[in-house]
Amino acid sequence: MNIQGFAHCGLYVPRLEETVQFYVDVFGAENMGYFQASSRGCWLRIGADILEIFQSEDLGTGCFKHIAIACDDVDALYERALAFGGAALVAPKNAVLELTEPVKARLAFVTGINGEQIELFRIYEV
């Protein structure tokens, strides 16, 4: 068995079209199309990854806290997210992740238009 990584991340939101437009406007997501499953959904390509968004008034339960978007300019993307209706959660800052080898990163958090937490993330030194 060969595990290749995540196929996509799923997000449940009450405002599907507005959410799709937010991710297109802020993150340059490519709208891959809408589909109908148990509820209406849409796939967005962000870089090499896919965000699957479902329209649902019931946001459900679970333990995933946020999605993280890799980018080359955390500060500019943070300001862009705010300009398109996102809310400030954690202002851009430098952090050191104490992994096997310390990793230095620039990060910020915004809240998307549905209350979802979005981390903006750039590694600048390993």
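The values are calculated or read from the model by the stated rules, or taken from the named source; none is laboratory data. From a predicted model like this one, the values you see are computed outputs, not experimental measurements. All Cβ positions, glycine included, derive from the backbone under ideal geometry; neighbour counts span all protein chains shown. All accessible areas refer to the heavy atoms of the entire protein, side chains included, with ligands and DNA or RNA removed. Shrake-Rupley method; radii C 1.70, N 1.55, O 1.52, S 1.80 Å.
Here is how the numbers come out for the structure above:
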quantity: Qualifying residues in the stretch 7-37 (those that are surrounded by fewer than 16 Cβ atoms within 10 Å (Cβ to Cβ) and touching a Lys or Arg at 6+ places or on another chain (Cβ under 9 Å)) - the one farthest from Arg80 (Cα to Cα); calculated: Tyr34
quantity: Total residues in the stretch 1-31, condition outside any helix (DSSP H, G or I), under 16 Å from the mean Cα position of the chain (by Cα) and farther than 10 Å from Gln55 by Cβ; calculated: 10
quantity: Condition check for Val103: of a type in the set (Val, Ile, Thr), without any contact (Cβ under 8 Å) to a residue 24 or more places away in the chain, over 23 Å from Gly28 (Cα atoms) and open to solvent by less than 30 Å² (accessible area, probe 1.4 Å); calculated: yes
quantity: Hits in the stretch 38-54 (condition: more than 16 Å from Cys9 (Cβ to Cβ) and open to solvent by 50 Å² or more (accessible area, probe 1.4 Å)); calculated: Ser38, Arg40
quantity: Every pair of residues 6+ apart whose Cβ atoms lie under 8 Å, when the first sits in the stretch 60-86 and is under 17 Å from Ala29 (Cα atoms) while the second is among the basic types (Lys, Arg); calculated: Ala70/Arg122; Cys71/Arg122; Asp72/Arg122; Asp73/Arg122; Val74/Arg106; Val74/Arg122
quantity: Single unsatisfied condition, Ile67 versus (1) hydrophobic (A, V, I, L, M, F, W, C); (2) open to solvent by less than 50 Å² (accessible area, probe 1.4 Å); (3) at pLDDT 95 or above; calculated: (3)
